[in-house]
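Have a look at the structure below, then the notes.
The values are calculated or read from the model by the stated rules, or taken from the named source; none is laboratory data. None of the values given here were measured: they were computed from a predicted structure. Counting neighbours? That spans all protein chains shown, and the Cβs are built from the backbone with ideal geometry, glycine included. Calculation scope for accessible area: heavy atoms of the full protein, side chains included, ligands and nucleic acids excluded. Shrake-Rupley method; radii C 1.70, N 1.55, O 1.52, S 1.80 Å.
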Amino acid sequence: MKNLYYLAQRNDPSSAISDLNKLLTHHHISKFDCLTKADKSLPYEHHQSVKEMQDAMAEVVRTQLIADVKQSGIFSVMCDESTDVSTEKTLVLYVRYAHQGQTNTKFLEVTELNGDECTASNLYQTITRIIEMRGLSMESIACMTTDGASVMTGVRGGVTTLMKQRNGLTLSIHCIAHRLALASGQAADSDKYLKKFQAMINTIYKYYHYSPKHQSRLKKIQQVYEMAERKFKQTFHTRWLSFEGAVDALLANYDALVTCMEMDSAEFGDPVAKGLLKFITDYRFLYTSHYMKDVLTTLNILSKNFQRRDLTVSELAFQLNAAVGALRAMKTVPGPFLRTFISSLPENYVDGFQYGVEGRMNQIKCSQNLVTLTITSMENYLGVLLNNLSERFTDNGTVSRFSIFDPSRLPSLEDELLTYGNEEIHQLAEFYGRDASPLSVNPDDLRAEWCLFKYYMNNNYRRMSFSDMAERVLQNGNTTASYPNVSKLIKVCLVLPVSSADCERGFSRYNLIKTKPRNRLYTSTVNTLMMLTVDTPALADMDNFNFGRAFDVWAAAKARRARHFMNNK
């Protein structure tokens, strides 16, 4: 059974029998020797028996997950839709909860949707059915985070709107990673040259990706130039931040690319090579490439921070402000990549110049008009990008008010501490004091507790992060007893998922399990394998898994020869 778990984590359950037989015949797990006959052969070799063993292990994982979520009392839900290899619409659900003062984000369920189930009302019913089927309460959901699609967030009848009708204290968050991608992509769409620039990068990618002959020539040039082999990458408008990898590969391969384009256009008369060569041997192309490398590097660092599992609402503003500050600085001071490019230009570069390293210089076209046009274009793009970030990340709602629980925001002056957070706590008291639910607080008690707790926080937790402070508070029974309403809101803040990146990771795992050769896997089978592979112990820590409990679940599922064998052993 333990070996089945290993194989499930490697997404190869079909070859489980032979390895399991070797494991059992060598008596590596004494409790499970009962699965072998007296002659050391394995009776449970049918694929259905293997599936039942995996189901039993998944049930142990799921039971522990549900118990932890119930113990938390408050949890949030993340959901997202996708299409799998069999063109089936799929919905994946994750839950975020606080266990022993620490935030946990875990896979809950994946289900296939038919065409009729893709409406907001049917999606809501599906989500409700899954949550209640697992024994969880809809009234305990603090927040629902989605990718921002209209079917999810529509104000008239989206899924989150229906959730709020069921539980008025449930918040909704549009995934910050998706918001960042939308802000970046829409800013690029505002500039005609950037749209053409992206199209040309995709043309270069296809020129080499679909032609082994072109790939071979490029590889030979890279070897002659003693360059590392770097493959060109494709860009996608829906995943606009992937643009950074494409630009990086372009700059790394630039000298080899120009040489190849010159050879293909001169020797073979390739019209595509001629067009690409004209486009890339241009001042505007080089300036834009280096400028975008600076901008996209900053945005990608921000995106990776936004996708962290442990990111909390209180940290969001710090991460965003740091990136916005770096981008604003680029309006007056060139970033590191653009600075390197500008420093390499000769004095009279506006009349055309040689660009590259010694031994492989390339002639670049330039003019004063082109320089002015390029700089103006990039400045306008950066201005639109900063405006988009400001509009999409300005949140004056309930979510933003939880930032008062971050110790790093405490004022240094005692006079300021006197009024610190009073307005925000009043608004939180009004919101969470209006309905009776597991999320409710007593408004008057909350205001009174806050007057004391902020001084308690200032004296004991000032130098801590919010996550560390929340862990200390929620694990300290005396503190939670003294400040029950404040403690509840700290737990709510802790479980608010600002990103649905875990759902995207879940789909990646889903696509590793349900592949083209295995596109007829039942949803129940995929669910089992997802439960065993997404958030369970790593192979090196497998001793932490309760295989004894898994065996008991498996043996109790129906009458089995194994139990009779064990009783007579």
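What the table below lists for this structure:
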read-out	value
Radius of gyration and Dmax over the Cα atoms of the stretch 103-182, both given in Å	12.8, 36
Cα extents of the stretch 248-325 along the three principal axes, largest first (Å)	60, 24, 17
Overall form of the stretch 57-170 per C-alpha gyration tensor (a/c, 1.5; a/b vs b/c)	oblate
The stretch 383-466 - convex hull of alpha carbons, volume per residue in Å³	136
The chain: calculated mean residue ellipticity at 222 nm from DSSP helix runs of at least 4, using -39500 (n - 2.57)	-18000 deg cm²/dmol
Flagged links, alpha-carbon separation over 18 Å, of Lys304/Lys488; Lys293/Lys331; Lys196/Lys233; Lys89/Lys206; Lys106/Lys514; Lys106/Lys558	Lys304/Lys488; Lys89/Lys206; Lys106/Lys514; Lys106/Lys558
Per-residue SASA entry for Lys491, accessible area with 1.4 Å probe, Å² rounded to 10	40
Distance between the stretch 451-505 and the stretch 157-207 - C-alpha centres, whole angstrom	31
Rel. contact order, % - alpha carbon contacts under 8 angstrom, at least six apart, the chain	23
Amide H contacts under 5 Å for Asp80, placed H, 5+ residues apart	Val92
Interchain or long-range residues, amide H under 5 Å from Asp282's placed H	Lys365
Computed FRET value (nearest 0.05) for Asp395 with Ala266, which takes r as the C-beta separation and R₀ as 60 Å	0.60
Per-selection metrics, the chain (Cα): Rg and Dmax in Å	28.9, 94
Relative compactness, the stretch 422-461, computed as alpha-carbon Rg over 2.2 N^0.38 Å	1.24
Label point distance in nm, Thr523-Cys118, each placed 7 Å from Cα along Cα→Cβ	1.5
Cα Rg, Dmax (largest Cα-Cα span) when computed across the stretch 262-402, Å	19.9, 66
Full-extension gain in nm, Asn460 to Val371, via 0.36 nm per residue minus C-alpha separation	26.4 nm
Distance from the stretch 248-302 to the stretch 357-398 (C-alpha centre basis), Å	17
Listed peptides 189-198, 493-502, 133-142 by packing density, highest first (mean Cβ within 10 Å)	493-502, 133-142, 189-198
Heavy-atom accessible area ranking, 1.4 Å probe, most first, across Asp468, Asp406	Asp468, Asp406
Average accessible area per residue (Å²) across the chain - probe 1.4 Å, nucleic acids and ligands excluded	46
Apportionment of accessible area to carbon and sulfur, the chain, percent (1.4 Å)	49
